[in-house]
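See structure below.
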Amino acid sequence: MALGHARLATKDLSPSGEQPLSNASGTVHVVVNGELYRYEALRQDLSSSYSFKGTSDSELLLALYEREGIRLFPYLRGEFAIVLYDSREQILLVARDRHGVKPLHWTTVDGRLLIASEMKAFLPFGWMPKWDVRSIREEGVLHDERTMFQGVRKFHLRRLTFVYQLLPGSYLTCLSFDYMKVQNYWEDEYPDKDEVEARTPDQMITGLRDQMLQSDVPVGIYLSGGIDSAAIAGIANDILRMSKTNPRALGENSEQDARELMCFSVGFDTNTDFGESAVAQRTADFLGLPLHIKIVSEADFADHFEATYALGEHNCPDLNHIGKFLLSKRVHEHGIKVVLTGEGSDEHYGGYPWLVSEVLREPDTSVKQDPVSAGQSTARARKLEEKITPGVRGSENYAIASTALPRRLLGEVSCRFALTMAPFAEWTDTRFGQTESIAQARAFALGAKQISNVQKRWHPLHTASQLWKRGGLATMILKSQDHMAMAHSVECRPPFLDHDLTQFANHLPPSLKIKIEMDTARGCQALVTQEVYERKKQSYLAPYKFPAGGPIHKLMQRLLTRKKVEGLGFVDVDKMDQLLKNAFAPDSDGSAMRPLFVVAQWVVIADTLGVAKACPNDG
């Protein structure tokens, strides 16, 4: 048994905070990636039976394990990936936080169980990665425990040869280096769709703002042009002002003290429809906070493409990850270790276009009068879908016209989104079936209890939100953000994903979420500008139209040669050649560009990890 840890110290900078941490008898050891919040009261309670060596929040795990064993999870609040080993009982405990803010992967090589935040960490131990083409094709990598890499399931631990991700809210136990089991310790809960809401909108808004005020104030804030990050900045700034007269306002374990908050934003020097830095600047000026803007050029996208996706270990049809990579670098240059981010708000409150349409799918019977009339529903849903550009809308396999089984399992929910936009080789049709399996994989990823809730209890918005939180949020957005930030020794903390706040938000009526800047806007209106309060929601996306002969064109030509694409083994080379021509044609609408990004990212990942070419008879 060996434990290792690369430390980013934000609490207890003394040697007592260095990991692995061990108990007094040297029989229980733990490494923790992340942060545990509001631990002072729990620490005081545990002090009667455990002697703490330092002030690190991670040491709580040792004390909790000694008292609670593997039933310690209800006491944990924050974002974390944990590996704990009890040598007395020969128990290995591995766990991931409730929303998957911190990534965690596992595999076996030559009978050894390996666990790491990044898959590339397995390479020195003899891991030989192979593409899991079915997982990639049907986006199992988004919806279940599969990754992009192939594996063969066997019953005995020593025969397993795969790479999986530990899903959010789950834990793995391994007894005596043999018997292994993965279980959930937490799942999202939503109310019965027919349960009448007794609170008034104002009462719910006030309660939500009170929950947000419980979040610790960080040193830095990622500020966009939207209401979510603006509200976080406004609340944090408000707490900081209150702390000048009442130091307790900052929270019992805040690192902020009375230092000034610092905001960071990303902008683009081309295609300004995607940039929000000007709005962010006006918000920062309104709050009286300094704002540092990183402007990303086409040359920046090209120069940092390979480094970004080698770190991310995942494909994405947009280049926004590069913006986050460069923004975290700017944060590090200013000496900031921790930033607060707005992830989770869109998932809770229907902020994505493909979620808004689900609000309209059926009436909201939890309120006395649904603010969306039946007559408005169809027209508004169609209007919203028309505004989603083809390059973002995704595969038609996510539309309601897909096969009957996933439609029935998911209560007719559509939830249009697709991240694997690429032309697959013909042999994948024969080997893995038709692409309708994408929708089925998404439906089958839910457990029996959740399927029952979807069919009988949950409103369609809650079903769609849960699918995206389990998929795109945890597997792509949060994982990528963690990798981009940690590459520059920065930790991101998303207060909207505090699980107490999540449970509160989950119980808000769906029809109120469609108006949602209720969640932060009305509750925090005095803390943000009128511009932000009234502004239409805009997702964080990077430009995707670039001219022929420019840096991106040259990068795509270098990465997407026939030899490199053929080396993947599962992509149609001729179709890729045509896409490369179409993407940079004078009349291109940019829709051909996104498949180029995805396949180029696979080429980068293959080169970085040494992934073998996929073959029809593999696995």
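Taken together, the values in this text are just the output of simple stated rules run on the coordinates, not laboratory data. This one's a predicted model, so the numbers in the text were calculated from it and none came from an experiment. We place every Cβ from the backbone using ideal geometry, glycine too, and count neighbours over all the protein chains shown.
Its alpha carbons give the range 15-184 an Rg and a Dmax of 16.8, 53 Å.
Once you've got the Cα coordinates, tell me which of 294/337; 513/536; 120/294; 564/613 are over 19 Å apart. 120/294, as the Cα separations exceed 19 Å there. The modelled label-to-label distance for the pair residue 588/residue 48, using points 7 Å beyond Cα in the direction of Cβ, is 6.8 nm. When 297, 51, 328, 56 are sorted by how many other C-beta atoms sit within 10 angstrom of their C-beta, beginning with the fewest, the order is 51, 297, 56, 328.
Charging the Cβ of each Asp and Glu at -1 and of each Lys and Arg at +1, and nothing else, the dipole of the range 49-152 about its Cα centre rounds to 80 debye.
What's the extension gain from residue 1 to residue 607 if we count 0.36 nm per residue and subtract their Cα-Cα distance?
Details: separation 606, 0.36 × 606 = 218.16 nm, distance 3.05 nm.
Working it through step by step, the gained length comes to 215.1 nm.
Could you tally the net charge around residue 548, taking each other residue with its Cβ under 13 Å from the Cβ of residue 548, Lys/Arg +1 and Asp/Glu -1? Net charge in that neighbourhood comes out at +1. Label-to-label distance, residue 449 versus residue 183, with points set 7 angstrom from Cα along the beta-carbon direction: 1.1 nm. Put simply, the amide H of residue 109, placed in the peptide plane, has neighbours under 5 Å in 114, leaving out anything fewer than 5 places away on its chain. Averaging Cα coordinates gives a centre for the range 49-72 and one for the range 538-604; these two points are 50 Å apart. Ranking of 552, 115 by neighbouring Cβ atoms within 10 Å, starting from the fewest: 115, 552. Please name which of 72, 149, 50 has its Cα lying farthest along the dipole of the range 15-184 towards the positive end, using unit charges on Cβ (Lys, Arg +1; Asp, Glu -1) and the Cα centre as origin. Positive-most Cα among the choices belongs to 149.
When only the Cβ of Lys, Arg, Asp and Glu is charged (+1, +1, -1, -1), the dipole of the range 536-619 relative to its Cα centre reaches about 320 debye.
Assigning unit charges at the beta carbon (Lys, Arg +1; Asp, Glu -1) and nothing else, what dipole magnitude in debye, to the nearest 20, does the range 17-103 show about its Cα centre? Walk me through the intermediate numbers first.
Details: 10 positive and 12 negative charges, 34 e Å.
So the dipole magnitude of the range 17-103 works out to roughly 160 debye.
Look at the dipole of the range 551-609 built from charges on Cβ: of 599, 579, 551, the Cα furthest out on the positive end belongs to 551.
Once the dipole of the range 15-184 is set up with Lys and Arg at +1 and Asp and Glu at -1 on Cβ about the Cα centre, which of 116, 31, 82 lies farthest towards its positive end? So the residue furthest toward the plus end is 116. In plain terms, the residue of 334, 459 with the fewest other Cβ atoms within 10 Å comes first and the most crowded comes last, giving 334, 459. Rounded, prolate or oblate: which fits the range 551-609 when a ≥ b ≥ c are the square roots of the eigenvalues of the alpha-carbon gyration tensor, with rounded for a/c under 1.5 and prolate only if a/b beats b/c? Prolate shape, in that a/c is at least 1.5 and a/b is the bigger ratio.
Between residue 282 and residue 260, what's the calculated FRET efficiency when r is the beta-carbon distance and R0 is 22 Å? Round to 0.05. Once the sixth-power term is evaluated, E becomes 0.70.
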